[in-house]
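Okay, so here's the structure we're looking at.
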Amino acid sequence: MAKKDDAPNMVERFAEFKELKNIDKTTMISVLEESFRNVLAKMFGTDENLDVIMNPDKGDVQIFQNLEVVDDGCVTDPNKQIGISDARADNNPDVEIGEEHTKEIFFADFGRRAILNLRQTLQSKILDLQKDAIVSKFKELEGELVSGEVYQTWSKETLLLDDDKNELLLPKSESIPGDYFRKGETVRAVVAKVDNKNNNPKITVSRTNDNFLRRLFELEVPEIHEGLIHIKAVARIPGERAKIAVESYDDRIDPVGACVGVKGSRIHGIVRELRNENIDVINYTSNPSLFIQRALSPAKISSIRLDEEEKKAEVFLRPEEVSLAIGKNGFNIKLASMLTGYVIAVYRDTADNYDDDIYLDEFKDEIDEWVIEALKNMGCVTAKSVLATPRQVLIDKADLEENTVDHVIEVLKAEFEDDELEETPHPEDEEAQAPAQEADAPAAEEAEEAEEADESEPQQ
């Protein structure tokens, strides 16, 4: 019988799995014990009467077989029973029939074949464990930024390897138009999807996902990472244009300015990463009317009608503003709809004399700014749109006092009355023209007398 010291150091022998697969020691010990039990169960028919004790400090394993003591010659199952003579000879001289005898088993005694069988079982379990660990790890990272080195590029996808040599697949459909990668180049993306079909993990990453833009802003703008600025909504047409709505939890911080940075220092890096994708950063507001107005920037709207139940918005603009609202290839209005969640329809403002209309912001010297914002929030952006709205509607929808509304109407009407007065001839101008008319009177009288003289002459 082999001595205990001859038992193979299993923990050290299979330590390579720990190094290669990044499995912690506790898990490794557990997997080793389970592997031993599986191999022993095949050898002895059962592992119910076996105790497998792993010694992580020593790096070895002890196996004990618990056998029922029976009379000599009555052993029917040597894997579960032992004769009393054999039990007493095995360092247990006081044992009696019916008692339990514990016998130590040395795995090395089973030879090379048993060791290879154990190794194969362990490999299979380690592989399954590693796959589960990968799936679990990347499930937690869904939507988060990861980076990998380009290992190989095909026509429809690119294979990346992260720092732990895990495979990340970047499909062509998840790449930004214009993306071109060289072998060995480091690429950033977000984890988009984790599959484990047929116990074969597949990690798909994306550079077109909205979360990719979010994570880049978190990386470039410390105020977002620290929670002082919150990204409320993101809309993207990858490689073309994007809109992002931000809100500050600190009144001292301008969220748009913080995201753009001094001379665009912060946003330039993001634009380069997105292959020169234009990014509009706007202030978020819970007021849907104002949010839509900001989302349609740089276009300035004249008025807006909302259907909050149907999530539809009818926007009226001056003819020259319509093309700005729609944008190149319709990108601006499409992104505005995606950002706000409203289906936006754009109409030309057919109101008469729109050319001489005035934006409310021009009246900040005479009307309080908060009053102007209240009117803009209800969709009245210009002076004529306010004057065209019934007084009671202004009071109710803008939540303003009656005297405040009256003051606004008075100021706006005065502006247009002044314009009309400038176009109407002044009384002094009429008086100045009177002498000229009087001066022409004698000439007219002479002409009339000459005509009468001609008529009074007798006809020949």
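The values are calculated or read from the model by the stated rules, or taken from the named source; none is laboratory data. Computed from a predicted structure; not experimentally measured. FYI the Cβ positions are ideal-geometry reconstructions off the backbone, even for glycines, and counts take in every protein chain you see. Quick note on the areas: whole protein, heavy atoms, side chains included, nothing else; ligands and nucleic acids left out. Shrake-Rupley method; radii C 1.70, N 1.55, O 1.52, S 1.80 Å.
Per residue, the range 181-290 exposes an accessible area of 49 Å² to a 1.4 Å probe, with every protein chain left in place. Net charge of the neighbourhood of K300, taken over other residues with C-beta under 13 Å away and scored Lys/Arg +1, Asp/Glu -1, is -3.
For the range 148-221, the convex hull drawn through the C-alpha positions has a volume of 106 cubic angstrom per residue.
What a 1.4 Å probe finds exposed on the range 188-238 is 39% carbon and sulfur by accessible area, rounded to a whole percent. For the cross-link pairs K232/K300; K80/K125; K311/K334; K376/K397; K232/K328; K156/K243, the ones whose C-alpha atoms lie over 18 Å apart are K232/K300; K80/K125; K232/K328; K156/K243.
Among residues other than N276 whose Cβ falls under 11 Å from its Cβ, what is the net charge (Lys/Arg +1, Asp/Glu -1)? That works out to 0.
Basic side chains Lys and Arg get +1 at the Cβ, acidic Asp and Glu get -1 at the Cβ, and with that the dipole of the range 240-340 about its Cα centre reaches some 440 debye. Across all Cα pairs in the range 92-170, the calculated P(r) in 10 Å bins from zero up to the longest distance comes to 13, 24, 20, 16, 13, 8, 6, 1 percent per bin. Considering only C-alpha atoms, what is the centroid distance from the range 270-292 to the range 127-206, in Å? Between the Cα centre of the range 270-292 and that of the range 127-206, the gap is 28 Å. Ordering G227, N199, I176 by the projection of their Cα atoms onto the charge dipole of the range 130-229, which places +1 on the Cβ of Lys and Arg and -1 on the Cβ of Asp and Glu, puts N199 at the extreme positive end. With all projection directions averaged, the alpha carbon convex hull of the range 90-229 covers 16.9 nm².
Quick check: from the Cα gyration tensor, does the range 183-229 come out rounded (a/c under 1.5), prolate or oblate?
In terms of gyration-tensor shape, prolate.
In a reduced charge model with +1 at each Lys and Arg Cβ and -1 at each Asp and Glu Cβ, the range 89-217 shows a dipole moment near 1140 debye about its Cα centre.
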